[in-house]
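The values are calculated or read from the model by the stated rules, or taken from the named source; none is laboratory data. All values derive from a computational prediction rather than experimental measurement. Methodologically, a virtual Cβ is constructed for each residue, glycine included, from the backbone with ideal geometry; neighbour enumeration extends over all protein chains shown.
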Amino acid sequence: ASLFVEDKYDGIRAQVHYDGTRLAIYSRTLDEITPSFPELHGELRALGARYILDGEIIAWKDGKAIPFSVLQQRLRRKDPTDLMASVPVVMFGFDLLLLDGDIWMDRSLEERRERLQSLRFGRAVQPAWWTVATEPQQLATRFREARDRGNEGLVIKRPESRYQPGKRGRQWVKLKEELATLDVAVVAAEHGHGKRANVLSDVTFAVRNGDRLVTIGKAYSGLTDVEISDLTEWFRQHTIADRGRVKLVEPKIVLEVAFDAVTRSDRHQSGYALRFPRIKRVRDDKTVEEINTLEDVQRIFEHQGQSRGGSSRAVTGRHLA
């Protein structure tokens, strides 16, 4: 079967609404971010008369994506003028939801893509580049090319798929490669939500900084129900401070966590945060003295912009399923 393949951008998911007069750019969380990207306004107004466009805003320089942590600076400024030169952005449009009063969400992606290509794009606002793949090896080649452009990986879409807001399914599949993994120590655990409300499924973890442990992230996915149950019992027996929902625990459980990027953050003691962390496994074979250090994290942070990939695992046919 033929599949549409496009780059998975590491930026800000954005939806543009234009009614011929008012232009509004919304983030994934429905915050209006229009003032943060003034250099996009002119081309977005010229794109069409009335439309809703889905896409991604990324920091882009010399034909390559700049790390997401750099792009975040634009959102923290009320006036981004002084950052427009050092943190230039591009918006890649990849879907058309409405045009000239006609709703396009119920039409096939193939139809939406064809109409999208006919809009008046410029340099700051461009259509997302896509190709058609029919063989696994084509995906492997496109994956490497996307990584070389500084992007996260690929999004694989079925040509007949409809636009389904807020739904996750098999019509669109992300294909990403982990930046790296870190061995970390759990320092706190808290109750989850829903069916996990009675277990300590959400863990805060830390790396070493000399003889101290400094927090760097929180994860709640990746472990089986049995593992969560066993760890919950251990955490309760080794709690050193009970703060209601949150239990500070003895730092003896070592986890291997994967993540997509390292960003600067004042939320954690380390000064960094892991983007989209998930637990790979419990490292029963390691002690807290053997976990990764803050220096390791800093090294990853400095090099992630130069090489977005951690390893070079092959893309195989299972991703076409």
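Scanning the stretch 238-270 for residues being over 29 Å from the mean Cα position of the chain (by Cα), in contact (Cβ under 8 Å) with a residue 12 or more places away in the chain and over 14 Å from Phe205 (Cβ atoms) gives a total of 1. Just one residue in the set Ile33, Ile52 is within 22 Å of Gln72 (Cα to Cα) and either surrounded by fewer than 17 Cβ atoms within 10 Å (Cβ to Cβ) or of a type in the set (A, V, I, L, M) (or both); that residue is Ile33.
Summed over the stretch 1-46, the residues that are part of a loop (DSSP other than H, G, I, E, B), in contact (Cβ under 8 Å) with a residue 40 or more places away in the chain and within 19 Å of the chain's Cα centre (by Cα) give a count of 4. Residues of the stretch 191-203 that are surrounded by fewer than 20 Cβ atoms within 10 Å (Cβ to Cβ) and within 24 Å of Glu289 (Cα to Cα): Asp202 alone. Scanning the stretch 25-34 turns up at least one residue that is aromatic (Phe, Trp, Tyr) and modelled with pLDDT of 95 or more. Applying the criterion of being outside any strand (DSSP E or B) and among the small types (Gly, Ala, Ser) to the residues of the stretch 139-173, the residue that is farthest from Phe94 (Cα to Cα) is Ala140. Take the conditions (1) over 15 Å from the mean Cα position of the chain (by Cα); (2) farther than 30 Å from Thr287 by Cβ; (3) not charged (D, E, K, R); Gly153 misses just one of them, which is (1). Of all residues in the stretch 205-221, those satisfying the criterion of being in contact (Cβ under 8 Å) with a residue 24 or more places away in the chain and either over 19 Å from the mean Cα position of the chain (by Cα) or within 14 Å of Asp296 (Cβ to Cβ) (or both) are Phe205, Ala206, Val207, Arg208, Asn209, Leu213, Val214, Thr215, Ile216, Gly217.
Listed here are the residues, each with its yes/no results for (1) farther than 19 Å from Leu248 by Cβ; (2) of a type in the set (Val, Ile, Thr); (3) not assigned by TED's automatic domain parsing to the domain that holds Lys286.
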| position | (1), (2), (3) |
| --- | --- |
| Gln164 | yes, no, yes |
| Ala185 | no, no, no |
| Glu190 | no, no, no |
| Lys195 | yes, no, no |
| Val207 | no, yes, no |
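Being surrounded by 14 or more Cβ atoms within 10 Å (Cβ to Cβ), more than 18 Å from the chain's Cα centre (by Cα), in contact (Cβ under 8 Å) with a residue 24 or more places away in the chain and within 16 Å of Arg13 (Cβ to Cβ), is that true of even one residue in the stretch 129-145? Within the stretch 129-145, not a single residue is surrounded by 14 or more Cβ atoms within 10 Å (Cβ to Cβ), more than 18 Å from the chain's Cα centre (by Cα), in contact (Cβ under 8 Å) with a residue 24 or more places away in the chain and within 16 Å of Arg13 (Cβ to Cβ).
Listed here are the residues, each with its yes/no results for (1) more than 17 Å from the chain's Cα centre (by Cα); (2) closer than 23 Å to Thr21 by Cα; (3) not in a loop (DSSP other than H, G, I, E, B).
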site: Ile52; (1), (2), (3): yes, yes, yes
site: Gly55; (1), (2), (3): no, yes, yes
site: Ile58; (1), (2), (3): no, no, yes
site: Leu71; (1), (2), (3): no, no, yes
site: Arg77; (1), (2), (3): yes, no, no
site: Val87; (1), (2), (3): yes, no, no
site: Phe92; (1), (2), (3): no, yes, yes
site: Leu98; (1), (2), (3): yes, yes, yes
site: Asp106; (1), (2), (3): yes, no, no
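Candidates Leu71, Leu139: the one that is farther than 27 Å from Ala1 by Cα and aliphatic (A, V, I, L, M) is Leu71.
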